[in-house]
Amino acid sequence: MQVSLKHLLSFALLWLTSLVVSYAYAVQPAFHTAEPRLNAVHSYETPVQAASSPWGDPVSTPQFYDYESLPLLECAPDIRSASPHALCAYERISSFLAAESVGRKPIIVGENMKRVKKYADKVGAHAYRPWKNDPFDFGLGMKRNERWIKDQIRAGREVIDIGPDFQRRAATERNSPFYDMERRNLDGYENYRKVFERSGQTGGVPGLDF
Amino acid sequence: MSQQKEITAFVLDEFSELVSRWGFQSPKVSEEDWMTRIDYIKGDLAFEIELDWRDFDLFVLLVRLENGQLPSSYYVSNGRKCRKHLNNVIREQRWGQVLPAPLRKTRDVADIKDTAAQAKRAFLEHLERIAQAGDALFA
């Protein structure tokens, strides 16, 4: 097979592009995986301003992100339409995170984020920290939450479910569509564990709900 | 003004009567990523409004204070109930009609403001009974 200079140059250009894109994604703060391992207890507080958001996702006020449970796709919402090189870099980081998930803190899910946070604090686990969604956009909030839970599943994280907020449901006669979505995604996930008791329309986690 | 701040300001304005007319302490406002809580304290009880920003919803609860302080845990503290939704109290005590459930699953600002106004009416309607029952509501 004859390899022309043109082919060689094309290959070299492709390889260089791959390197640059991989590096660019690897050094994004959101993709940075070394920091969380240096500090497994405390969340990292990183103010992000609208103007500095490289993903065009407007953030009007400084927010604080928990790097340990940061959703990968949340950080790069356009990753699925990115070049094969960028996807390759993303997949490598995903695989690395999956390998790293062994021994990391579990993720807590449940209805009512206040309950979830209280339980997570109690057992030393992590909870979803919603991005600011103001003014409220149901679709955007749902999309972000779903990306996050899918990222946790992809990374092989242990997920502990504290279940519905039965008291809130009794009071309002409705469920959280966000928690319902998390449950649908977790259906059949092998590293999922329930810690709540249920008896018809009542139940909860002993010590937290009753 | 952000939508969340607008709703918080509306709720504070709507319930200002609790302080000016009914002798509650000035509201304690706690803001977190996913929730803003507003507590009106009187005696050993608090009337609490939760603004849940993930679900974009408003909830109203009664809180049993511990040594004059809001309990740090959620529904249960030191083995006893410390928070109850107002609707559940009204239902348990058979005090009459509970706050109606909204017709739609997803909510908007108008729904939240409407719920806040209804919650105020329900709370004031049962205020005397709540004060009389006091701690017993959490048995």
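Shielding value for A:165-178 is 6, the average number of Cβ atoms from other chains within 10 Å of each residue's Cβ. Note on the range B:3-134: Cα Rg divided by 2.2 N^0.38 Å, N the number of residues, gives 1.01.
Under the rule a/c < 1.5 gives rounded, and otherwise a/b versus b/c splits prolate from oblate, where does the range B:71-139 land using the Cα gyration tensor? Show your work: numbers first, answer last.
Details: a/c = 2.30, a/b = 1.47, b/c = 1.56.
Because a/c hits 1.5 or more and a/b fails to exceed b/c, the range B:71-139 counts as oblate.
Residue by residue through A:117-126, how many Cβ atoms from other chains fall within 10 Å of the Cβ on average?
Per residue, the average neighbour count from other chains is 1.
With a 10 Å Cβ neighbour count serving as the proxy for reagent exposure, in which order, fewest first, do B:20, B:77, B:30 appear? The partial results should precede the final answer.
On the way: B:20 8, B:77 18, B:30 12.
Least to most surrounded, the residues fall as B:20, B:30, B:77.
Extending 7 Å from the Cα toward the beta-carbon at both residue B:139 and residue B:19 defines two label points whose distance is 3.5 nm. Sequentially through the range A:192-209, phi angles give Karplus couplings (6.51, -1.76, 1.60; θ = phi - 60°) of 10, 9, 9, 10, 9, 9, 9, 9, x, 8, 10, x, x, 9, x, x, 9, 10 Hz, Gly and Pro residues having no value and appearing as x. Once C-alpha pairs closer than 8 Å and six or more residues apart are averaged by separation and normalised to the residue number of chain B, the relative contact order reads 18 percent.
Quick one: angle between helix B:3-14 and the longest Cα principal axis of chain B, in degrees between 0 and 90, rounded to 10, please. The angle comes out at about 50 degrees. For residue B:57, nonlocal amide neighbours, meaning residues 5 or more places apart or on other chains whose placed amide H falls under 5 Å from its own, are B:52.
Would you please name the trypsin sites (Lys or Arg not before Pro) within the range B:49-101 that are DSSP coil residues with at most 13 other C-beta atoms within 10 Å of their C-beta? Walk me through the numbers on the way to the answer.
Numbers: sites: B:54, B:64, B:80, B:81, B:83, B:84, B:91, B:94; in loops: B:54, B:94.
Loop-located and lightly packed - B:94.
Taken as Cα centroids, the range A:132-185 and the range B:74-92 sit 24 Å apart, rounded to the nearest whole angstrom. Between the listed residues B:117, B:59, B:99, the Cα displaced farthest toward the positive end of the dipole of chain B, a dipole computed from Cβ unit charges relative to the Cα centre, is found at B:99. Taking other residues whose beta carbon is less than 10 angstrom from the beta carbon of residue B:18, and scoring Lys, Arg as +1 and Asp, Glu as -1, yields +1.
Here's the picture: charge each Lys and Arg Cβ at +1 and each Asp and Glu Cβ at -1 in the range A:138-198, and of A:156, A:176, A:145 the one pushed furthest to the positive end of that dipole is A:145. Legend: mean number of C-beta atoms from other chains within 10 angstrom of residue C-beta atoms, peptide B:33-44, equals 2. Do any of B:42/B:113; A:118/B:28; A:117/B:28; A:122/A:194 go past 22 Å between their Cα atoms, and which? Over 22 Å apart, Cα to Cα: B:42/B:113.
Bear in mind that the values in this text are calculations on the coordinates, not laboratory data. What you see is a predicted model, and the numbers here were worked out from it, not measured in a lab. Note that we place each Cβ from the backbone using ideal geometry, even for glycine, and neighbour counts take in every protein chain shown.
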